[in-house]
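The structure under discussion appears below in the form of structure tokens.
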Ligand code: UT7
């Protein structure tokens, strides 16, 4: 099979910060509660002009720059998002247009916080099958537009951002194995409450209530820990690598305590995990993508290292990918 590797990474986060102290003025919460229960100190909030496509385009531009590749040479663009600018055109098509990636085909993937893992996995299949030679995979989310800012259970958790990578087929195998899981039966635990939809036979259209996120945190917590640990173990088994050989685990950043519990379950030191939740909160699909970018930038993943990307999210869906950094 054609070897496929990640050859460049990029990211973009909005400059506007929302600190825990800012949130104390909006809802009945405290910096102490947020830090001890989640590990989050601040998160980034996209401005009016920073729609999800804007975040995705900026991250994609950085990848093209880092990879020294022209947009016209890109074959495939996949954007993992659950907060597109609108249902259509897809964010991927908006990225294609902005970059001038005329030869690429482009589409979005919806797998919530696990989107980056699912999108890499989809792109990987196209490259393995030799349909395309490269793929720009972007994870971009702007969930802060879907928050009920009166609900302290959710509003302290999320932030906006985007991360991206370039997958290329070549002579070195960089993506060693992947393992994906879906549990539709638990979908009710985290969902977007959508107001009554428009209907041609109803005189009044949408009632003015915007969609917002509702989740059952403690239930999700347990499934997140079990499924992420399970996915890491199964992906490593497929890659024939032991956890002790892995230099860095790059997890979805939903809660620092979830990461601690996954480390305990896998019986590895927490120091092996790359964690940036304190700066960004939960950026949904973008969390693992931005974490991968920073782990590489900061030298936590170096040439020749084995690393594991792992995530969990609404759906419910989970997945892990074992990579060898080339
Ligand atoms: O991105 C992937 C999907 N998401 C997840 O995987 C999230 C998983 N879940 C979690 O990370 C945690 O469950 C949360 C961070 C969401 C909540 O933490 P928790 O330790 O499970 O708290 P809890 O929901 O059990 O609430 C404990 C208490 C409650 O008060 P009472 O009933 O004990 O009086 C809450 O009302 O904490 C209260 N609480 C807060 N207090 C201050 C909930 N949110 C807040 C808040 N500030 N922001």
(request) Please find, among 265, 234, the residue that is more than 16 Å from residue 313 (Cβ to Cβ), assigned to a helix (DSSP H, G or I) and touching a helix residue (DSSP H, G or I) at 6+ places or on another chain (Cβ under 7 Å). (result) 265
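Return yes when residue 156 is surrounded by 22 or more Cβ atoms within 10 Å (Cβ to Cβ) and at pLDDT 95 or above and no when it is not.
Taking the combined requirement at face value, the residue satisfies it.
For segment 54-96, what are the residues that are assigned to a loop (DSSP other than H, G, I, E, B) and in contact (Cβ under 8 Å) with a residue 60 or more places away in the chain?
Across segment 54-96, the qualifying residues are 69, 74, 75, 81, 82, 83.
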(request) Considering only segment 102-128, state which residues are in a loop (DSSP other than H, G, I, E, B) and either buried (at least 24 other Cβ atoms within 10 Å of the Cβ) or modelled with pLDDT under 95 (or both). (result) 111
(message) Given the criterion buried (at least 24 other Cβ atoms within 10 Å of the Cβ), over 15 Å from residue 289 (Cα atoms) and in contact with a helix residue (DSSP H, G or I) (Cβ under 8 Å, 6 or more places away or on another chain), identify the matching residue among 27, 79, 4, 35.
(response) 4
(message) For segment 237-256, give me each residue that is within 16 Å of the ligand (Cβ to nearest atom) and out of contact with any helix residue (DSSP H, G or I) (no Cβ under 7 Å at 6 or more places or on another chain).
(response) none
(request) Give segment 288-308 a look and list any residue that's more than 30 Å from residue 193 (Cβ to Cβ) and either outside any loop (DSSP other than H, G, I, E, B) or not assigned by TED's automatic domain parsing to the domain that holds residue 277 (or both), or say none. (result) 292, 293, 294, 295, 296, 297, 306, 307, 308
(request) Consider residue 64 carefully, then state whether it is more than 13 Å from the ligand (Cβ to nearest atom), under 16 Å from the mean Cα position of the chain (by Cα) and within 30 Å of residue 176 (Cβ to Cβ). (result) no
(request) Considering only residues that are surrounded by 16 or more Cβ atoms within 10 Å (Cβ to Cβ) and more than 20 Å from residue 297 (Cα to Cα), look in segment 258-281 and name the one that is nearest to the ligand (Cβ to nearest atom). (result) 258
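The values are calculated or read from the model by the stated rules, or taken from the named source; none is laboratory data. Here the structure is a predicted model, which means the values were calculated and not measured. When we count neighbours, we look across all protein chains shown, and the Cβ atoms used for this are built from the backbone with ideal geometry, even at glycine.
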